[in-house]
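A quick write-up on the structure given underneath.
Only the coordinates and a few stated rules stand behind these numbers; no lab work does. These numbers come from a predicted model, not from an experiment. Neighbour counts run over all protein chains shown; Cβ positions are idealised from the backbone, glycine included.
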There are 2 protein chains.
Amino acid sequence: MDKQIVKPSILPGFMELTPNDQILFNKMLDTIRENYEKFGFLPIDTPVIEKSEVLLAKGGGDTEKQIYRFTKGDNDLSLRFDLTVPLARYVAQHFSDLTFPFRRYHIGKVYRGERNQKGRFREFYQCDIDIIGNEKLDIINDAEIPSVIYYTFKDLGFESFTIKINNRKILSGFFGSIQIEDSVEVLRTIDKMDKIGLDGVSDELSKMGLNAETIDKIMTFTQIKGTNDEILSNLKEMNVENDVFKEGLEELDSVVKYVKYFGVPEENLAIDLTIARGLDYYTGTVYETFLNEYPDIGSICSGGRYDNLAEYYTKQKLPGVGICIGLTRLFYQLREANIIESKWNSLTEVLVVPMEDCMEYGIKIGNQLRNEGIHTQIYLEEGKMGKKFNYADKLGIPYVMIIGADEVKSEKVTLKNMKTGEQIMRDIDETMNILKK
Amino acid sequence: MDKQIVKPSILPGFMELTPNDQILFNKMLDTIRENYEKFGFLPIDTPVIEKSEVLLAKGGGDTEKQIYRFTKGDNDLSLRFDLTVPLARYVAQHFSDLTFPFRRYHIGKVYRGERNQKGRFREFYQCDIDIIGNEKLDIINDAEIPSVIYYTFKDLGFESFTIKINNRKILSGFFGSIQIEDSVEVLRTIDKMDKIGLDGVSDELSKMGLNAETIDKIMTFTQIKGTNDEILSNLKEMNVENDVFKEGLEELDSVVKYVKYFGVPEENLAIDLTIARGLDYYTGTVYETFLNEYPDIGSICSGGRYDNLAEYYTKQKLPGVGICIGLTRLFYQLREANIIESKWNSLTEVLVVPMEDCMEYGIKIGNQLRNEGIHTQIYLEEGKMGKKFNYADKLGIPYVMIIGADEVKSEKVTLKNMKTGEQIMRDIDETMNILKK
């Protein structure tokens, strides 16, 4: 019977890696997780499928049409589109089981039916941390977050990156001071500075009906540059008579001060008054992170402070601060730009190759190696030696251990270094010591 | 404005853990992953959403109505219901990028809209390994698999468990020898031995129209007991004149012999002729694993040998052997039966508690601890000391490091062991040495 063959393929917008890239991806994921854990964040895991009424409690917005929503039986279901809404639901639901400040990390896949486009993914990993306070949360937490970003990206092997920081209160306070009541549209426009430039922003503001003087004030404000201390001085010298502005300035001042104590070098943290980040969510400190040599990649880690995490699920006031690394997109872009490359075709350190009639001894040697924590595969197929060496070569396994009649008789093993070609015959204990180095 | 509050809840049949249980769950997952990697298995990750025509290429079966299937735009989509079908598709699709035998592990969530029932999950983790050959795969691989099971469950902390093993060819060969052409139904019935007992199976076989003599032969056959060597001897002495039977017996004989070399003790591996496992998939060796003291939990790790992994996606013949640990269900049952318990409320080793005006020094000490790999959280909120100690207590953080004016002045730290209450003041290097022990 000839079966109908279905072409093996996946949907566009979904990332699937070959094992060598997967190993690299997993190493990045592990590094992020280790750093999050080192800072005292606790793991959580939430269902990918949730009730639509829960996931969409906040309603609408740009993302709603991107959501994978469907029914099964009587249930109206949606796939999570971020890890923040599930966190809000989780904290409200398990409130009495949690200890506050609640520091959680969550690494998992989320789903958005984005327009099909290179570098855009419909399934992607987010790696989130958030610190949630019960009723209040000290501003120093906002200074700790950049240090988590800093140490994580250092550990990921990046040298030159900038965590850009701002405070939404400074923006809204400033707008209030120049009688712009609804700052939402203005903020949205300023947020495009990176994409449409100074003139583009100026044009759009003019189309919104702002007069030249006001636009001038806005542009001057957003163009305040310099070291962090210079920017803070400039902002103070503006003497803006607005309480929200003052509060934001005080917060930013604190954050910049404390970030230093957390060990983040001056060059890795820069106040940038054009950073606004979304609009209906963040209320204070906001972060975006850029690779200095690859600005086109855009922000590789973003987040901020919010006043109330779970207002749709509980009356409890839960302020928090957090960040997200969108690892799938980041990985894709780093690979495309050849900034990272897969170094491992395998995680195996030793391929044991038993010759004819030496399988028993070979298997036992394999057990011994694994008992010592050495990642070991035994080549179990019959075949020519050349084929077996070729297998190790293709997988980039650094050592082949040859087990032949001589080795069995003398109770030794022959170890071949696949890189140098060097081959030595020693007893197993000595060989394991060599391998452990 | 008073917001409408949506009750925070998740769908029935979905597991969500509190952080302490999540830590335990993750530790089990990590142990499984470490063992899989130690045996030379490579990681892959596939999309949770696939094209329905691909995922359901094999068609129908009992699971089809359980599948989460929906449309988005013009696409007919399904959520993966196991990791085997995606593996088949993956191997066929990436064939030329893979090195055979291809050993892969895959740990991920799968989805089945099961009837709502205690201990049944609609979203659950599977932890799979498979070894895929190109055209052929040596029988010794079937002997290595039980050793992966053995070392993994040992590492998970289990002492007393039995890997039950059988070979489908012995079953189908035997049925062929007693003129039962369509052995599928008979196998399905035998597979229920654990649930409906000897009489139950006998009754059902009778209802299928088998005569008493045949039923008797079947029952006698499935009741062959003893040590592995005794069972193998019994099977040989039956002198069944059927090639498939003979091939199966030879394979089982080999597997039992080689499993010993792989270091699996006799008591952890038992031939059980009633194990059949599914029907249209496995073709040779089959495995099920049981906790000896908790047989009610059912099989905690199952799998087997198949002739052709990806026949729906490629003409390439790809025989393989693999197993699956259904971790979500296993975790649930172990927790319910109090076989495992969460030991950690936190992964943090030290909570640094700076007193008033000592935050700078406290933060810097925190950096030093983390640089040494010690998981460290700094208590950043203002408040009474009692509250801070209480926080460490609730989270089960073993050490609190107190930083007050005396400590800052003398450049020392005070370390409190939360278990013993013992408190010492030393310089930071000495304290870190104590912590590392």
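Key figures
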| read-out | value |
| --- | --- |
| Unit Cα scatterers, Debye sum, chain A: log10 I(q)/I(0) for q = 0.06, 0.10, 0.13 Å⁻¹ | -0.37, -0.84, -1.17 |
| Residue-span extension gain [A:LYS136 to A:THR227] - 0.36 nm each, minus C-alpha spacing | 29.7 nm |
| Mean separation of Cα contacts under 8 Å (6+ apart) over length of the stretch B:304-437, as relative contact order % | 19 percent |
| Volume in Å³ per residue [convex hull over Cα atoms, computed for the stretch A:110-210] | 203 Å³ |
| Out-of-range pairs (alpha-carbon distance over 29 Å; input B:LYS118/B:LYS192; A:LYS409/B:LYS246; A:LYS136/B:LYS394) | A:LYS409/B:LYS246 |
| Net charge, B:ALA392 excluded, C-beta distance under 15 Å - Lys, Arg +1, Asp, Glu -1 | +3 |
| Order of A:THR289, B:THR46, A:THR283 under a 10 Å beta carbon neighbour criterion, fewest first | A:THR283, B:THR46, A:THR289 |
| Helix-only mean residue ellipticity at 222 nm for chain B, each DSSP H run of n ≥ 4 adding -39500 (n - 2.57), per residue, nearest 500 | -12000 deg cm²/dmol |
| Computed E for A:MET208/A:GLN316 - FRET, C-beta separation, R0 35 angstrom, nearest 0.05 | 0.40 |
| For chain A: relative contact order, % (alpha-carbon pairs under 8 angstrom, 6 or more apart) | 17 percent |
| Computed lengthening from A:GLU181 to A:GLN66, 0.36 nm per intervening residue step minus Cα-Cα distance | 38.3 nm |
| Cβ neighbours within 10 Å from other chains - mean over B:389-397 | 2 |
| Shielding by other protein chains, A:254-261, mean Cβ within 10 Å | 2 |
| Inter-label distance, nm, simple model (7 Å from Cα along the C-beta direction), A:ASP76/A:ARG120 | 2.6 nm |
| Inter-site label distance for B:GLU53 and B:ILE424 at 7 Å from Cα along Cβ, in nm | 7.0 nm |
| Efficiency of FRET between B:LYS437 and B:GLU411 - r from beta-carbon atoms, R0 22 angstrom, step 0.05 | 0.50 |
| Inter-part distance where the stretch A:184-219 and the stretch B:80-129 are each reduced to a Cα centre, Å | 50 Å |
| Modelled FRET efficiency - R0 25 Å, B:SER160 with A:GLN368, Cβ distances, 0.05 increments | 0.50 |
| Within 10 Å of each Cβ in B:11-24, the average number of Cβ atoms from other chains | 5 |
| Segments B:11-23, A:118-130 sorted - mean Cβ within 10 Å per residue, highest first | A:118-130, B:11-23 |
| Label-point separation in nm, B:LYS7 to B:GLU241, each point 7 Å along Cα→Cβ | 7.0 nm |
| Dipole magnitude of the stretch B:291-437 about its Cα centre (Cβ charges: Lys, Arg +1; Asp, Glu -1), debye to nearest 20 | 460 debye |
| Whole-number percent relative contact order across the stretch B:39-135, with pairs defined as alpha carbons under 8 Å at least 6 apart | 31 percent |
| Angle between chain A longest axis and helix A:84-93 axis [Cα atoms, degrees, rounded to 10] | 90 degrees |
| For the stretch A:312-437, diffusion coefficient by Stokes-Einstein and Kirkwood Rh (Cα), 37 °C, 0.692 mPa s, µm²/s | 190 µm²/s |
